[in-house]
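Visitor: I'd like to ask you about the structure that follows.
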Amino acid sequence: MLKTLVAIRFRALVSALFKGRNAKKKIGAGKKILFGIVGLYVLAVYVMLFGMLFYGLYMPFDATGMMALYYAVAAFMALTLSFAGSVFTTQSQLYDANDNELLLSMPVHPWMILVSRMIVLYLSNLLFTAMVMVPAGVVSVIYAAPSVRGVVEFVLGVFLLPLGSLTLSCVFGWLFAWIGSHMRRKNIVSLVVTVAFFAVYFYFISRSSELPQMIVKNADKVGAFIKTAGWRAWQFGQGIAYAGDALAFLRFVAAILLPFAAVMAVLSRSFIGIATRNKGGVKIKYEKREMSVRSVKKALLMKELTHFGASAPWMLNGGIGLLFMLVGPIMVLANAEFIRTIFSEFPAAAKYVMLLLALFECLTMSMTTISAGAVSIEGKSVWLIQSMPVDAKDVLVSKAMLQFAVTLPFLAVSTVLMWIGCSGGALMYAVSLLLPLSYALMMSLLGAALNARLPRLDWTSEAIAVKQGMSILADMGAGFALLATPIAAWALWLNKWFSAEAWALIAAVLYAGVSALLYLYLGRGGKRRFEML
């Protein structure tokens, strides 16, 4: 039975990755191969990044006799990455799973349900751990021949470290689930923590070339921090290093296994209560108020805004690009003196900084897929909106206007920052406003049109609806193509006849024209597709 439960978990994961609109349709071999290649590429990129990091750390640490810190840093990074990558998955799989009560109603032992979930979670943690530890081990083997004991302890440590991150994920997953059950907007916790993690992640990625030097330069501080915050990682480093001792590795093993055993004991005793508890949030008392009357279009838009604001997966996956929109202007303001120094030698190019930032705004909007998942997120309840006395065109337009309404505040702040940090003529100011504005409108309508044609309604989690499916990929791909093609055409050919400002105005007009065509499509073809769902 345990084997069957684990197999069901893995089939659910594969189904979430590959399943299309028709759940009964078999997955084509070509699609499997394509997703496999993409997955291996992403994995290879991360492995290479960590390999470069440890390649820069090994020689300085080896020369100063600090190899224990080298392995401790690797273990600490593996624990941190595994915890950040699995804590919300642990929350959803253990504490907020929708099928717990269904499984408990079957002749299945509760401990089997728990163990099957923990096995899948452990393997996901193992993947995160291997992304960090394998490059660290390969670099150390390249520089020096390891001892047999060192290899055995290192491999054993790679398989034990995921238990440490899983222990933390179980504790914090329960904490987030408890906080969520006492909040009106229970998804706000996961949203804030995930955004904070992304901010830290992109900060380190931007400083990846400097990170080895920073760690080496502050080795004493890093070592003191790991000894305090990552005692298990420090014991691992002591045990693996050539000058280490076996007792340190045994302390690491005990520090991993004992807390995990304690957590498993608590979960096994309380799993039925966890699985059957009331997962609802704070009860909201009805307050009698005067009802406001809105038009159909405004009411539909408010419905979409309310749903979007209550869905952390939708906000995070669909709107993460909007946060990057503010990066360009902020970087210009933060490095204004440096930029002036550079462009003082190239005065002819200085006037195009504002246009480049406007194009950067468009690039971030090509990664914004709010409307591209707005139909899919209706799921199996799509019949509710279809049964209402509203035109299907108004429904689709409201989903497009949702993205436009969410984008406008970010675009306004970004544009104001751009104008503060840059200077240009009246035409350039107009271009820097009209080009991203028309592009934002086009992308909002494009996402709704694509999602009406390629919806994903058979999801089990909102995260699947808003980050998987062909409409999401098609929206980002089409948005990038619609941005890159005019740029390439001007750079290779049209610059002979049009200035950059004139080209940008023409592009803005073209985007407005495409927006008009998409609006007409939503009222005809898109409307028919939505009514047939």
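Visitor: What full-extension length gain, to one decimal in nm, is calculated for Ile272 and Leu323 as 0.36 nm per residue of separation minus the Cα-Cα distance?
Guide: 14.3 nm
Visitor: Apply the a/c threshold of 1.5 to the C-alpha gyration tensor of the range 296-532 and tell me whether it is rounded, prolate or oblate.
Guide: In terms of gyration-tensor shape, prolate.
Visitor: Along the range 252-267, what does the Karplus equation 6.51 cos²θ - 1.76 cosθ + 1.60 (θ = phi - 60°) give for ³J(HN,Hα), rounded to whole Hz, x for Gly and Pro?
Guide: Going residue by residue, I get 4, 4, 5, 5, 8, 6, 5, x, 5, 4, 5, 5, 5, 5, 5, 5 Hz, with x marking Gly and Pro.
Visitor: For the ranges 299-307, 381-389, what's the packing order if you count other beta-carbon atoms within 10 Å of each residue, average per peptide, and put the highest first?
Guide: 299-307, 381-389
Visitor: I've got another one for you. Give a residue-ordered list of calculated ³J(HN,Hα) values for the range 366-373 (Karplus: 6.51 cos²θ - 1.76 cosθ + 1.60, θ = phi - 60°; whole Hz; x for Gly, Pro).
Guide: Result, rounded to whole Hz: 5, 9, 9, 10, 5, 6, 6, x.
Visitor: With just the Cα atoms defining each centre, how far is the range 448-485 from the range 376-418? Give it in Å.
Guide: 14 Å
Visitor: For a protection proxy built on the mean count of beta-carbon atoms within 10 angstrom, sort 246-252, 145-151, 448-454 highest first, please.
Guide: 448-454, 246-252, 145-151
Visitor: A follow-up question, please. What is the distance, in nm, between label points placed 7 Å from the Cα along the Cα-to-Cβ direction at Ile330 and at Lys227?
Guide: Reported label-point gap for Ile330 and Lys227 is 3.5 nm.
Values in this text are rule-based calculations from the coordinates and carry no lab data. Since the structure is predicted, the reported quantities are computational estimates derived from the model, not experimental observations. When we count neighbours, we look across all protein chains shown, and the Cβ atoms used for this are built from the backbone with ideal geometry, even at glycine.
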